[in-house]
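Below is one structure, written out as structure tokens; the observations come after it.
The values are calculated or read from the model by the stated rules, or taken from the named source; none is laboratory data. All values reported here derive from a predicted model rather than from experimental measurement. Note that each Cβ is placed from the backbone with ideal geometry, even for glycine, and that neighbours are counted across all protein chains shown. When the accessible area is computed, the model is the full protein with side chains, heavy atoms only, and any ligands, DNA or RNA have been set aside. Shrake-Rupley method; radii C 1.70, N 1.55, O 1.52, S 1.80 Å.
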Amino acid sequence: MTTRFIFITGGVVSSLGKGLASAALGALLQARGYRVRLRKLDPYLNVDPGTMSPYQHGECYVTDDGAETDLDLGHYERFTGVPARQSDNVTTGRIYQTVIQRERRGDYLGATVQVIPHVTDAIKEFIRADLTDEDFVLCEIGGTVGDIESLPFLEAIRQFGNEVGPERSLFIHLTLLPYIPTAGELKTKPTQHSVKELLSVGIQPAILLCRADRPIPESERRKIALFCNIRQERVIAALDTDTIYQVPINYHEQGFDDQVLRWFDLPCTGEPDLERWRDVVRHIRAPEGEVSIAVVGKYTDLLDSYKSLIEALTHGGIANNVKVRILWQDAELFEAGDPVHHLEGVHGILVPGGFGERGTEGMIRAAQFAREKRVPYFGICFGMQMAVIEAARNLAGMPSAGSSEFGIRAEPVIGLMTEWQHGNRVERRDVDGDLGGTMRLGAYPAWLGDGTKARDIYGQAVISERHRHRYEVNITLRERLEAAGLSFSGLSPDGELPEIVELPGHPWFVGVQFHPELKSKPFAPHPLFQAFIHAAVVQSRLV
Ligand code: GLN
């Protein structure tokens, strides 16, 4: 089958869940037996979101091939199971970087380099690049229609649609119908304006997804259809749901996948197989118990920073038939006082990834509390490093143990990675290097020791997980730390880089240098999250 391209834009306001809508449509098409690929075009000037603060942009999602991408790629992967790649996320910054490099090389043969056609050509190249016979490529355009910065992207997809024709392209627009209590009505005007805005750049959307907090009356759908020049059955309600995993089911019930297939003249007889989604939702809605997990981090004001983590904990709950209640704890609060009253009674403690010194003493205290009180502890990346510092200080007699990430330390048990093996290559870094794209990024294998908890949890000796870090646990301290009770249960294949540490004899104390949350799926919970939540369930029976 030839590849068809679906473009998803958003209007009225941001945060309507365009990423989720794209991911859910991907899942629906997949459930009908099609091969899908999802991509995101982001209008900002950063080359990638790797250097952006989690407070600004939320989580940075890392792919197997080491790209630092937008968090929507996490949704795509969780919903479709298709591993995202570097080539699935592009920004204005990267497009301009490419165009300017070409200009410097002289590739444009003396032409005046312009937004149209040079920038729009580069965008279209990206849309087509690195495809392998997918039936559908879904491209989400970041930002909101009407923003100055998204104009080149809209122009590029307009051209693209014109070039491949309507039989191979489809424009979907996601908008909001706000409910005005004094009028007692859902309002359609913002949607009308947003579609007008799209029309002004030459794009007539064929399907509208309308977010609303209540059912949309037929009369309003008729009105939207009339004013926006869209068939009424293609005005699809996107109502709020109790769980995001219900979204593909709702969309199907609203006829979304049918309308997409009809647009392309593809058969839409029969039902898509949505059993896996129904099963996930059943588990989420009818848990047999509840566990509380304290997440001690520093970006707790913007929960988008922990998007994949939250989902992976939910998946761990699904696997154990329990609801996971997350208690967000600002690590800085623990620095001043005793964390005991915040942590007493929780069934598990998780310290997630992070950067910079602020809050770290609090995280170290949380790890100490978990170790001493025998509460399940899960340290992810930074959380592993903090657990190692805690063990070095309090078990191995190194009172000034710290990380060189925070400046010069007398006992840097965590130090800058200056050299590591990447396949057949050796990667090298130094203190003065660039910050963007230079961490140890993406999938690396790790070997798990016989008889360790890690080996038992994974049920295999070699694993591959995604990384995003600049610092590492100092391997030369292995003997000393192991003698003190902290076991190095997972190592890089050359034995140089600690990947997993654990405390034998503790009910569940595991720190990992990688980000397992990135690979967890609702229908395939990650083994570490499954095991951690299981340990929390056991703990909940003790307290
Ligand atoms: N700041 C730490 C490092 O760079 C941990 C990074 C992380 O948690 N992703 O190694």
Placed amide H near Arg4: partners under 5 Å, 5+ positions off or other chain: Phe136, Val137
Among Phe171, Ala183, Phe153 - extreme Cα towards positive end, dipole of segment 152-191, charges at beta-carbon: Ala183
Dipole magnitude of the chain about its Cα centre (Cβ charges: Lys, Arg +1; Asp, Glu -1), debye to nearest 20: 840 debye
Accessible surface of segment 414-543 [probe 1.4 Å, protein heavy atoms]: carbon and sulfur percent: 49 percent
Distance from segment 509-543 to segment 342-396 (C-alpha centre basis), Å: 16 Å
Candidates per GluC sites (Glu not before Pro) in segment 284-345, loop by DSSP, up to 14 other Cβ within 10 Å: Glu288, Glu344
³J(HN,Hα), Karplus 6.51/-1.76/1.60, whole Hz, each residue of segment 398-415, x for Gly, Pro: 10, x, 9, 4, x, 10, 6, 4, 9, x, 6, 10, 5, 10, x, 6, 10, x
Radius of gyration, Dmax [the chain; alpha carbons; angstrom]: 24.8, 75
Degrees between helix 218-228 axis and first principal axis of the chain (Cα, 0 to 90, nearest 10): 70 degrees
Residue-normalised accessible area of the chain, expressed per residue, 1.4 Å probe, Å²: 41 Å²
Dipole axis of the chain (+1 Lys, Arg; -1 Asp, Glu on Cβ), positive-most option in Gly202, Thr452, Gly93: Gly202
Whole-Hz couplings from phi, Karplus 6.51/-1.76/1.60, listed for segment 134-148; x for Gly and Pro: 5, 6, 9, 10, 9, 10, 8, 9, x, x, 10, 4, x, 5, 4
The chain: antiparallel DSSP beta bridges as a percent of all, rounded to 5: 35 percent
Dipole magnitude of segment 179-271 about its Cα centre (Cβ charges: Lys, Arg +1; Asp, Glu -1), debye to nearest 20: 520 debye
Simple Cβ-charge dipole of segment 237-355, Lys/Arg +1 and Asp/Glu -1, about Cα centre, in debye nearest 20: 160 debye
0 to 90° range, to nearest 10: angle between helix 360-373 axis and the chain longest Cα axis: 60 degrees
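Relative contact order for segment 344-406: what percent, with Cα pairs under 8 Å and sequence separation of 6 or more? Walk me through the numbers before you get to the answer.
On the way: 78 pairs, mean separation 22.9, N = 63.
36 percent.
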Per DSSP, loop GluC sites (Glu not before Pro) in segment 1-78 with at most 12 further Cβ within 10 Å: none
Asp133-Val462 FRET efficiency (beta carbon distance; Förster radius 30 Å; 0.05 resolution): 0.50
Distance from segment 85-152 to segment 153-180 (C-alpha centre basis), Å: 17 Å
Signed unit charges on C-beta, dipole axis of segment 304-416, positive-most listed residue Ser400, Ile318, Pro412: Ile318
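Order Lys519, Lys223, Lys196, most accessible first, counting only protein heavy atoms with a 1.4 angstrom probe. Please report the intermediate quantities before stating the final value.
Numbers: Lys519 60, Lys223 85, Lys196 125 Å².
From most accessible down to least: Lys196, Lys223, Lys519.
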Hz values of 3J(HN,Hα) by residue in segment 101-115 - Karplus curve (6.51, -1.76, 1.60), Gly and Pro given as x: 4, 5, 4, 5, 6, x, 5, 8, 6, x, 5, 6, 8, 9, 4
Between segment 18-35 and segment 422-485, the Cα center-to-center distance that results, in Å: 34 Å
Amide H contacts under 5 Å for Asn89, placed H, 5+ residues apart: Lys40
Heavy atoms of Asp338 accessible to a 1.4 Å probe, total area in Å² rounded to 10: 100 Å²
